Structures are given as C-alpha cells and as structure tokens.
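Here's the structure we're looking at; comments come further down.
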Amino acid sequence: VRGVEDSPRRINEAFEIAMSGRPGPVLVDLPKDVTAGTLRVEPDAKPYMNAKPLYRGAVAVDEAIVRTAELIAKAERPVIYAGAGVIGSRASEQLRELAIKCQIPVTTTLQGLGCFDELHPLSLHMLGMHGAACANYAMQQADLILAIGARFDDRVTGRIADFAPRARDAHARGEGGIVHFEIEQSMLDKVVPATVPVLGDIKPNLLKLLPLVEPPTSPRRAAWVENVGKLKKSYDFRYGAAPSRSGKMKPQAVIAEFYRQVAHRDDVIITTGVGQHQMWAAQFFRYRTPGQWVSSGGLGTMGFGVPSAIGAKIAKPDHMVVDIDGDGSFIMTACEMVTAAQHKVPIKVLLLNNDFQGMVKQWQDLFFNEKYSATQQFNPNFKALAEAMHCAGYRCESADTLEETMAAFLAEERPVVGEFLVDKHEHCYPMVPAGKALHEMVLGPDYDA
C-alpha cells in the first residue's frame, strides 16, 4: 500500500483475492508512513483487479456436466471424494442430495470434515494417511471417483502410481475414471489426470448435474454400497482396551469420552494443532456440519489450535469451541490464553499431554529404532500454567476420574485448559507409510485382535 488513500481499495482487493477462486491468505504490506497517515479525502474503495481468478458462481461447460452424468449412470462402484472446496462453495446440501440420489459412498479429506454428515450410512469418514481403512480400500476399488473440491494431496493419494487403479482401468475402457470438480484451472490434471475436468464453482455445477442423474437400478450398485458398509464395520477406528505400557490413559479414550459427552450438541467447533492429537481428533469425533473442523491441514502449523479457537469463538460466540491440542503444539502459543482471559473469550483447550512430540516420536519408533532426537518435552504443570494466565485449569491423571474431570472441564464458563496425561507410546493408526499405496496401509495391532 503506497499511500493512505489507497488503503480501503487495497484492503478490499485483498479480501476479493482471498475469497475468490480457491480461497487462501493474502499479505497486505502497510508501511509506517501509511499506518501513521490521516485520510482527508473520500477514498475510492472499489477494488481493481488486473487478473481475476474464477469467481463463485462460474459454471462448467454443458458437455462436462452431461459426460459426468453418463459416467455416474454406468458406474458400478462409484465413490465421492469431497474436500474443503465443498465447504467453501457452500455446496454440502447438493453433495448430500447427489450421494443419496445416486447411492454413492462419500469420503472426505481432512479439511473437508463436516461437508457430509459422518453419521449417515453412506459416509466413509476421512481417507488418506491416517484415514479410515474402509475409505482407502473403497478408493482403490472404485471404478468412478468424483473428486469434488479436493486437490489429490499426497497424504490422500499415497504412492501416486498405484492410486485408484480400478478407476484408471475403467477410464481406459471408457466406462469410468476420475471426474474432478475444481474452481482453479491450475489444479486440474496437476497430480492425477482427470477423465472429465469440471471447471467452475461446485455448487452451481452440482445444481446443473442433479437433474441429469437418476437413482441407480443396477443390483451391482446396491451390492457395492452393501460391501462398503461391511468394510466400514470391519475397519472402524478403534483402540485396544488393554492398559497402556505406561499405565496412563490412551489419548483416543480421552477424545472418545469428550465426544460422548457432547454428541447431543450441534454447536461444537473443533480446532487443533498439528500431530497425533490432530489425527485422533479427526478419527474419534463425528463431524456432521460444515465449519465444525478448523485446522491448518497440509500447512502443518503447530500452535494453530489456540489462536484459531479464539477467532472461532469470537465469530461464533454461542458455540462451544474446543481446541483439541497436544503438548508440543500447545506450548508454542499457550500464552495466548492470556489474550482469551483478557478479552473474556471462553475457549476450551483439551490438552493431550504425553510429554513428547508424538507424531515425530511415532516415526522415530517405527523407522529409526526408537532413536529420539528433539522430540521429548520438558513440560510445565499445564493446570498451574493456565491458572497463572487467569484461566481455569483441570488435570486428569487416571481413567478413573476421566468422566468427572471431562464434565467439569466442559461445564467451565471461563477460558479453560484441561490437561489429560496420556500414554507416550501410543501410535496413530491406520497409517499409510511414505512411498506406499493406500491399500498398503498399516492397520495397527488393535486390528489384529
């Protein structure tokens, strides 16, 4: 921004860029002379864009929509792979209508959590590196993949050469393949070639597609849905009932208890840091509506949980906002709890404390013979730290007091940190190791029981 008179226009341009096409951050550079200046004339606040990205409301060419409908009619084993673009386009209702009308199972990306109700029978939950085994297997078996608002991130595809083999075979026969709904031209064919690229805003394109599709009549589609349902029951997210090596609580059990106590509510927003806690939060909480999940995703921003929780609570003051965090991530921005206390923003931090940077430790356990480097934490007493920052603090050391401590934590009206001491040896499964295909995921010991 070169002058104070340019500020309104430049700020509006920044918002226009951030919210157009594929949403993303924009840097606005405000020099000292601009921030200290005084605006004395009526400014021109209208944004002037040299090159506009594809805007909301843009619709694909009719041929792409018609071809997509034809492929859906032919498909015997279709899967919808939905991402954050569905949420950004406010197209969750259209996605739901398409899935139910055509009887197509739905899996979401990490950032797409909430775009499809995870309690619906057609939901396969999250796919990818730490996603549901049923979703990963279904993607590999599907003859048609409808990628809607997703970008084929490497955490989703695994080894790209072996991603979606049945869909690629169907593409070669002209009977299926991959349809990619995408608002940004540069993302099409970037990672995975699309049989049908559908460029434009998701919501209007789904609205054009819906009248062209019919409920399936083939018994093979019904058999596919039934088979996927069996996979879902056989490979649900789970953790062993046996005591942990350390005698401490299992982190999954803490999140499961949290979900049990809030499952009746429709006003819970989850934020996270980065690491094992982030994956367990995705696995053991059921996301039903758009906007329930706020996480940095592929950016991998440790410390994201607390500030994003504060922002979410300010935006949605009537919602319960809970940062499910790990000690490694929380310690990076923990002092922002002072901000929450100062401005009376009653967020909740559900802290899984295993005294390690758990996800890195997991890799050091599995691939480096438990040779630890820079992963063990030297943590404070987080309950006492919270209280020192004018917040409430709770500490749970045993499964025997988990239920009552969780209830007190959730009932707290002030900004609060609930510290739950969990087992440092617990690993996050399923897991697709680096360089492996989706169907080569490691299920973990609890699936062998």
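Quick notes on this structure:
- Flag for Met359 being touching a residue at least 40 places away in the same chain (Cβ under 8 Å) and closer than 21 Å to Phe285 by Cα: yes
- Given (1) over 30 Å from Asn354 (Cβ atoms); (2) of a type in the set (D, E, K, R); (3) buried (at least 19 other Cβ atoms within 10 Å of the Cβ); (4) at pLDDT 95 or above, index of the condition Glu214 fails: (3)
- Only one of the listed residues (Glu42, Glu63) is of a type in the set (Asp, Glu) and either surrounded by 16 or more Cβ atoms within 10 Å (Cβ to Cβ) or not in a loop (DSSP other than H, G, I, E, B) (or both). That residue is Glu63.
- Of residues in region 112-131 being touching a residue at least 60 places away in the same chain (Cβ under 8 Å), within 13 Å of the chain's Cα centre (by Cα) and crowded, with 24+ Cβ neighbours inside 10 Å, the one nearest to Ser92 (Cα to Cα): Cys115
- Scanning region 362-388 for residues that are part of a helix (DSSP H, G or I) and either among the charged types (D, E, K, R) or over 21 Å from Ala434 (Cα atoms) (or both) yields Asp365, Phe382, Lys383, Ala384, Leu385, Ala386, Glu387, Ala388.
- Whichever residue in region 218-266 is among the β-branched types (Val, Ile, Thr) and buried (at least 19 other Cβ atoms within 10 Å of the Cβ) and, among such residues, is nearest to Cys134 (Cα to Cα): Val228
- Applying the set (1) in contact with a strand residue (DSSP E or B) (Cβ under 6 Å, 6 or more places away or on another chain); (2) modelled with pLDDT under 95 to Ser244 leaves exactly one unmet item: (1).
- Selection status of Val349, of a type outside the set (D, E, K, R) and either crowded, with 20+ Cβ neighbours inside 10 Å or under 19 Å from Val422 (Cα atoms) (or both): yes
The values are calculated or read from the model by the stated rules, or taken from the named source; none is laboratory data. All of these numbers come straight from a predicted model, not from anything done at the bench. A quick note on method: Cβ atoms are made from the backbone with ideal geometry, for glycine too, and the neighbour counts reach across all protein chains shown.
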